[in-house]
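Chemist: Can you read through this structure? Questions will come right after.
The values are calculated or read from the model by the stated rules, or taken from the named source; none is laboratory data. Computed from a predicted structure; not experimentally measured. As a convention, Cβ positions derive from the backbone with ideal geometry for all residues, glycine included, and neighbour counts pool all protein chains shown.
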Amino acid sequence: MSFVTANDVRFHVQVLGNGPGPLVVMLHGLLFGNLASWYFTTAPTLAHDHQVLLYDLRGHGRSQRVPRGYGVASMTRDLEALLVDRAGKLVLVGHSHGASVAMRFTIDHPERVERLVVVEAPSPPYRTLELEQFHSSSPEHILKAMPVAVQRMLEGADRRADKFLRSIAFLLHETSLMNELADEPEFTDTELRAISCPVLCMYGTTSSCAPMGVRLVRSLPRAQLTMLDGGHYLHLDRPTELTRSVTEFVHA
Amino acid sequence: MDNDTRTQETLEIVSGLIREIVGDELAFDGPIDFDTKFSDDLELESIEFVALAEQLQQRFGSEVDFVKWISSKQLDEIIGLTVGECVEFIVSCRS
């Protein structure tokens, strides 16, 4: 297993492929995500032509469980620190909060990012009321809020369900994640206009995040929007179509 | 080495890797065999699957592309995946 310490946090990192194209970095979403979200879906296809770097965000998967630093700005510092020895152009692919981090990195380092894929970036500030309800939910309610595919994976699996719920309970109750999300600033139009590279925005037709996709294609200078039949977790709902669209865009 | 010997040897390697990855938490009594299911029996988590893929890569090199093989499967197939299918895949890559 590969671990890298960056920004004072120990990260679980995986690298796939060794192709000649620019380095692809893939970021997963909060709570239910870990690097497996991309590792077993889109990453292997991209790895034909690129080296693909995947990591568990702080507090997630096998990365270190830390009490704070879950906001977009802090996680952008993590990404910078993980890339400190990597010169050259990048392709960034992010889901949900990971997509927000990829956008922030692109705003801060426009010269580094050749292409950006934004899958289901939410529109901060996150709806505080929903978060509070979630915060106080029982494990059963949290399970019900999860994508159906994840619920099916956990059915009848006590060890796995326990471990999964423990990891979510840690993030909800023992870290400042929820408070940091509630304080998350919105991307301004000026910031979005500064993202000058081509951007593929992908949203699910039934996802509550979909309005952000519309805003992004209006504000970003070179963005295209692809809608797929599905919800927030497109890597579970539509993995084949997601992979096809991302690969075509990265190679266009 | 004949195919049966190779298959048995691969099963022992895969079984050993699973026990190493899951450790004391393994909630499965009895030997890990061909019919043992990754999801229902071993309750392997997605991130443990990643660890297994990494270990297989280290053990067998690029001739066994476990990640690509798994990523070509639908969720239902992954949920139903047995240790035997994994072993057969590895053996087929190496023969």
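Chemist: So is residue A:137 in a loop (DSSP other than H, G, I, E, B) and either closer than 27 Å to residue A:85 by Cβ or at pLDDT below 70 (or both) or not?
Modeler: Yes, satisfied.
Chemist: State all residues of segment B:63-89 that are of a type in the set (A, V, I, L, M, F, W, C), free of Cβ contacts under 8 Å to residues at least 40 places away in the same chain and either touching an Asp or Glu at 6+ places or on another chain (Cβ under 6 Å) or outside any helix (DSSP H, G or I) (or both); if no residue qualifies, say none.
Modeler: If the condition is that a residue be of a type in the set (A, V, I, L, M, F, W, C), free of Cβ contacts under 8 Å to residues at least 40 places away in the same chain and either touching an Asp or Glu at 6+ places or on another chain (Cβ under 6 Å) or outside any helix (DSSP H, G or I) (or both), then B:64 is the only one that fits.
Chemist: Restricting attention to strands (runs of 3 or more DSSP E) lying wholly within segment A:3-86, give those where 1 or more residues are in contact (Cβ under 8 Å) with a residue 60 or more places away in the chain, within 21 Å of residue A:170 (Cα to Cα) and away from chain B (no Cβ under 14 Å).
Modeler: Output list reads A:9-16, A:23-27.
Chemist: Would you check if there is a residue in segment A:168-179 being hydroxyl-bearing (Ser, Thr, Tyr), modelled with pLDDT of 70 or more and under 20 Å from residue A:59 (Cα atoms)? Before the answer, list the steps.
Modeler: Start the filter on segment A:168-179 by keeping residues that are hydroxyl-bearing (Ser, Thr, Tyr), which leaves A:175-176.
With the extra rule that they be modelled with pLDDT of 70 or more, the set shrinks to A:175-176.
From the residues that got through so far, the ones that are under 20 Å from residue A:59 (Cα atoms) too are A:175-176.
Yes, segment A:168-179 has at least one match.
Chemist: Mind listing just one residue for me: the one in segment B:44-67 that is under 12 Å from the mean Cα position of the chain (by Cα) and at the interface with chain A (Cβ under 7 Å from one of its Cβ atoms) and, of those, surrounded by the most Cβ atoms within 10 Å (Cβ to Cβ)?
Modeler: Result: B:50.
Chemist: With respect to residue B:27, is the statement that it is part of a loop (DSSP other than H, G, I, E, B), free of Cβ contacts under 8 Å to residues at least 40 places away in the same chain, among the small types (Gly, Ala, Ser) and within 11 Å of chain A (Cβ to nearest Cβ) true?
Modeler: yes
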